1. Would you list 238, 344, 125 from fewest to most Cβ contacts within 10 Å?
2. From the cross-link list 280/386; 58/270; 113/450; 389/450; 109/462; 280/389, which pairs have alpha carbons spaced over 29 Å apart?
3. Quick one: go through the range 51-91 and flag any residue whose amide nitrogen is under 20 Å from the point 7 Å out along the Cα-to-Cβ line of residue 42.
4. Could you work out how far helix 3-25 tilts from the main Cα principal axis of the chain, as a 0 to 90 degree angle to the nearest 10?
5. For the range 109-264, what does the alpha-carbon gyration tensor say about shape, rounded, prolate or oblate, given a ≥ b ≥ c as the root eigenvalues, a/c under 1.5 as rounded, and a/b over b/c as prolate?
6. Taking the Cβ-Cβ separation of residue 106 and residue 83 as r and a Förster radius of 56 Å, what is the calculated FRET efficiency to the nearest 0.05?
7. Provide 463, 296 in ascending order of the number of other Cβ atoms located within 10 Å of each residue's Cβ, fewest first.
8. Here are a few candidate values for P(r) over Cα pairs in 10 Å bins from 0, in percent: (i) 4, 16, 21, 17, 14, 11, 8, 5, 3, 1, 0; (ii) 4, 19, 27, 27, 17, 6, 0; (iii) 4, 17, 28, 29, 14, 5, 2, 0, 0. Which one was actually calculated from the structure I just gave you?
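Just so it is clear, none of the values below were taken in a lab; they were calculated from the coordinates. As the structure is a prediction and not an experimental result, all values here were calculated from the model. Glycine also receives a Cβ, built like all others from the backbone with ideal geometry; neighbour counts cover every protein chain displayed.
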Amino acid sequence: MSVNTKSRRFLAAIAVATALTLTISGGAFAVDKTKSVPSIWERETLTGDWGGTRAALKENYGIEITLIYIGEVLGVMSGGINRTTSYEGRLEFSVDTDLQKLIGLAGAKTHFKLYQIHDGGRNAVANVGSIADPSNIDALPTTRLFTAWYEQSFAERFSLRIGQLAADDEFITSPTAGGLINGTFGWAGLLASDITNGGPAYPLAAPGVRLATTLTDNLTLLTAVFAGDPAGKNNCTVSAQECNEHGLNFGLVGGVLWMGELQYAVNQGKAATGLPAVYKIGGWYSSNNRFADQRFGVDATGSRVLLSDPASTGALNHKGNWGVYGVIDQTVLQTSERALSLFVRGGFSPSDRNLISYYVDGGVGLKGPFRGRPDDTLTFGVAYAKVSKDAVAADIDAGNAVVRSEEVVFEVSYAAQLAPWWTLQPDLQYIVHPGGNVANSNDPSGAAIKNAFVAGLRSTIKF
């Protein structure tokens, strides 16, 4: 099926869902026609309030409909594998419902989110050859269900969420790092590389249960259990995204993935007088029994041998995997129009069964960098991913001319808020040792992929 055909079907599905929502509401709400209509540059969304329908749905029925399109062009200006330009786009449709307003069920909410993902063929990460994807919207072109869950709050302290969940919605997040578009500043490269098939994070969510417990006004404990493999299918012989192309594989395969995170947040409300900050410490454990050793394999008798040994017939698999991490996001200066914030995140995992053994990123974000532009944001970040010593040893054992070491990402991004519904974001990235310092398959000499300079422009429109 072509991308255009998928896009038309996705848009038709949105139209049907919206029509059904309006039909169910039955037009029973009244629209205040005396209110002035804001200009197109003042609206929160490009299509406005739909004659008051949107506001009435949310206020009277607890139904909120969101439609967002992100499109971007990323060009490899030097280095990398292919010095060319790529286009990537993602249309997002989501519906969030407050069931107390809709049917009187106190503390209950529902959510679902669909994506239509497309590109121009070869994407940015393929052109660069990096571990960290230059684009956090990059994915296999398809129409997919991403998340769908039911949440119930009770006793004013607990929130239980069950359904198809994305860990990167809540775990290891940093508000300041969110101003960058390289995927490693969202779902950190440590988790994306080490958890089975990247874990339950964009573009693959997984069945799971999450419990949030409010310990004090500032302290929250998140715990979650997910299906261990977001491919949702045993014996997947292609990529996980191909095995779970439309996000409809709800299989409980690959053992279980447990995640826990303790969050300490202060001065988060609009009325807070102090500087906002959030501190997090977390960890994960996967019970999957197929984590391949980075240096050793097995021979025909099942004995352990080096992967470089001609007698090696397969991987030496480990049962279980784990990692720990921490996050600091602190605003250090704040005025009526400006805020300067710093972030740092880091963590580590066992070297014998993981490509990345430790990782750290950090940076600075400035909101309102110029006079008269209080809603713009300038963000700078750097991320360091260390290739595990066992993977490095495997390269040396094999006598490789190029030996892996680390990958470093530098990024600066400026998000210009042209209207409440439109953000235009020029972006520059410099990636040192793409792939962790690996040979360039397009270079007959076998030299390593050269450091890549990537320039791009992203447009985000809220409909």
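1. Numbers: 238 9, 344 16, 125 22.
So the ranking, lowest neighbour count to highest, is 238, 344, 125.
2. 113/450
3. What the label zone holds, given the 20 Å backbone N cut-off, is 51-56.
4. 40 degrees
5. Prolate shape, in that a/c is at least 1.5 and a/b is the bigger ratio.
6. Numbers: r = 58 Å, r/R0 = 1.03.
That pair, residue 106 with residue 83, gives E of 0.45.
7. Numbers: 463 16, 296 20.
Fewest to most other Cβ atoms nearby, the residues stand as 463, 296.
8. Calculated P(r) over Cα pairs in 10 Å bins from 0, in percent: the matching label is (iii).
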